[in-house]
1. Right, PRO17: surrounded by 10 or more Cβ atoms within 10 Å (Cβ to Cβ) and modelled with pLDDT under 85 or not?
2. Do we have LEU139 as farther than 30 Å from ALA36 by Cα and either within 20 Å of the chain's Cα centre (by Cα) or not in a helix (DSSP H, G or I) (or both) here?
3. Name, by its number, the condition in (1) in contact (Cβ under 8 Å) with a residue 24 or more places away in the chain; (2) surrounded by 10 or more Cβ atoms within 10 Å (Cβ to Cβ) that does not hold for ASN50.
4. So the check is Cβ under 8 Å with 6+ separation or different chains; which pairs have a first residue in segment 131-152 that's surrounded by 10 or more Cβ atoms within 10 Å (Cβ to Cβ) and of a type outside the set (Ser, Thr, Tyr) and a second one that's modelled with pLDDT under 95 and in a helix (DSSP H, G or I)?
5. From the list ALA122, ALA79, ALA83, which one is in the same structural domain as ALA31 (by TED's automatic domain parsing), surrounded by 10 or more Cβ atoms within 10 Å (Cβ to Cβ), free of Cβ contacts under 8 Å to residues at least 40 places away in the same chain and assigned to a helix (DSSP H, G or I)?
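The values are calculated or read from the model by the stated rules, or taken from the named source; none is laboratory data. Small disclaimer: the values here were computed from a predicted structure and weren't measured. Don't worry about glycine lacking a Cβ; one is built from the backbone with ideal geometry, like all the others, and counts go over all protein chains shown.
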Amino acid sequence: MRRAFAIAALGVMLAGPVFAVLPDEILPDPALEARARELSKGLRCLVCRNESIDESNADLARDLRILVRERIVAGDTDAEVVAWLVDRYGEYVLLNPPATGSTLILWIAGPMMLVFGLGGAAVYLRRRRGARDAGDMALSDAEQARVDEILRS
């Protein structure tokens with residue numbers, strides 16, 4: 001019984017994006033609809049953050065899906081549809097923006113922070129090991145006598 005409930009719950013959770021594209025949005029031509037769905041998977045919902053307009057249930061995502069379909073029906077190529085949306089909404093509308101211009105900094109920042117973090121960790125560990133090695137020195141006779149005196153009292 002528990003397994004059946006878990007499978008049903010998982011099915012409901014995974015079926016969310018299936019219902020994002022409403023029946024009234026679907027184009028009658030299957031080839032055009034396939035193009036629209038493929039394009040929609042690469043376009044970001046401006047409300048949901050990191051969710052494609054194909055998966056999003058937001059009203060703005062619906063409007064963008066309709067715009068994509070209108071441009072496709074008007075005869076635009078895939079590149080023209082994407083260029084039109086980027087001109088209108090900026091590169092933020094792309095789920096995977098190209099690594100050029102201002103986005104180049106964003107593409108480089110993550111790996112550079114990782115390199116700096118690993119370098120900082122290496123320096124820290126090396127200094128820590130050096131400090132530990134310096135602390136392994138034996139006590140002088142006077143220091144050992146003082147420690148013995150403290151321990152006896």
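1. yes
2. Numbers: farther than 30 Å from ALA36 by Cα: yes; either within 20 Å of the chain's Cα centre (by Cα) or not in a helix (DSSP H, G or I) (or both): yes.
Yes, satisfied.
3. Among (1) in contact (Cβ under 8 Å) with a residue 24 or more places away in the chain; (2) surrounded by 10 or more Cβ atoms within 10 Å (Cβ to Cβ), the lone unmet condition for ASN50 is (2).
4. As it stands, the answer is LEU139/VAL147, since those pairs meet every condition given.
5. ALA83
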